[in-house]
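Shown next, in structure tokens, is the structure this report addresses.
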């Protein structure tokens, strides 16, 4: 039974309950969240109403709004919510790997190397003819292995998004030389941002560097280059991180963050050979940042990703090669045992990595715009993360008051290991 069908039964059974159209939408989302967690949503609501309201008097909209808030709170805090069955594996074996390649860049060396990885090649005029076509299945395309090779003809360097952290840098920008990611996380905003799950590899990296050089003539730039993908995980295939490292060393006005969940530690031996001198000073403007999640989140939300130990091994390799490193406990994902989950994670991480070795850390709850969340819910109907009944505040959908509780708790726990000035937090406001 769907949430909409349950609402109709609720309206019939509790015919004195008056709700606006928007309130019905909020109730439907709470019911969906209960349903994906295996809860009898109709019975759960009936039990709630029996405890909250014994009178037969009509429940006006104002009172109904208060009741709806309490019902949401009970649904969210219910023991067992947010613990779905673990899933593993992110590839569909035996599929024909197709490369869609723009005709005018087919002789590019990067394009040729990528084409060699495909079973079948189809030439196209523009990547958006495939990427923006109707009828995509985002999750299936993520698993299939096919991809698109193109030239990015749009703006290459963008101002940073308000839901992302700038780490105190005034001029915050990002660049996407690859669209989409090899990894498949339930909380990933890309499933709401893009209609298509195929990765798009842009081969015109020099044009990114040229556009960035023009910007650097005007202002110092903090640039994130791995938000819409995971470049380090793709490094054996693309070698883009190596090119960015080489480029960044001679740009004193530039600071780059390369965010990742990869366990790819071996590449840092080759990066160390790119140094222009024997010191590590010329690597201080290239920060590698690892997103780390507790096992309770990884087990159901990060399909096929390296576990914490492998990510930390790669972080240690980056540090040994002379790069500053950052830890990102972001996004924090709610589940019933989130306090123990995150405190255990911090204890493990800082049992392996000295806090003094880390540039800084970031914490923040899951947050996203209304528009992207709607698409995520349509793309991933069975996930407790996408179906969670979030609160919208200042343009961001997040956990509401729970956001401050979660981030506040994380900060207090992290202060056991490092000074507060090295902790950057996004708290939903």
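Quick note: the coordinates plus some simple rules give every number you see, no bench work behind them. Computed from a predicted model, the values in this text were never measured in an experiment.
Numbers for the structure displayed
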| quantity | calculated |
| --- | --- |
| Calculated diffusion of region 90-151, Stokes-Einstein form, Kirkwood radius summed over Cα pairs, 37 °C and 0.692 mPa s, µm²/s | 271 µm²/s |
| Cα centroid separation - region 292-344 against region 365-429, whole Å | 16 Å |
| Sum of -39500 (n - 2.57) over DSSP H runs of 4+, divided by residues of the chain (222 nm, nearest 500) | -12000 deg cm²/dmol |
| Distribution of pairwise C-alpha distances over region 139-209, 10 Å bins, in % | 17, 42, 35, 6, 0 |
| Average Cα contact separation per residue, region 3-77, under 8 Å, 6 or more apart, as relative contact order % | 44 percent |
| For region 93-236, diffusion coefficient by Stokes-Einstein and Kirkwood Rh (Cα), 10 °C, 1.306 mPa s, µm²/s | 98 µm²/s |
| Diffusion coefficient, µm² s⁻¹, Stokes-Einstein with Kirkwood Rh over alpha-carbon pairs of region 24-66 at 25 °C and 0.890 mPa s | 213 µm²/s |
| Convex hull volume of the chain per residue (C-alpha atoms, cubic angstrom) | 154 Å³ |
| Scattering curve values for region 162-313, log₁₀ I(q)/I(0), Debye with Cα scatterers, q = 0.09, 0.10, 0.15 Å⁻¹ | -0.30, -0.37, -0.85 |
| For region 3-77, radius of gyration divided by Kirkwood radius, i.e. Rg to Rh on alpha-carbons | 0.92 |
| Relative contact order of region 155-426, defined on C-alpha pairs under 8 angstrom at six or more residues apart (%) | 18 percent |
| Relative contact order for region 101-172, counting Cα pairs under 8 Å that sit 6 or more residues apart, in percent | 35 percent |
| Normalised per residue, the volume of the convex hull around the Cα set of region 296-386 (Å³) | 121 Å³ |
| Antiparallel DSSP beta bridges within the chain, as percent of all bridges there, nearest 5 | 25 percent |
| Cα-Cα pairs of region 189-279 separated by more than 19 Å (percent) | 48 percent |
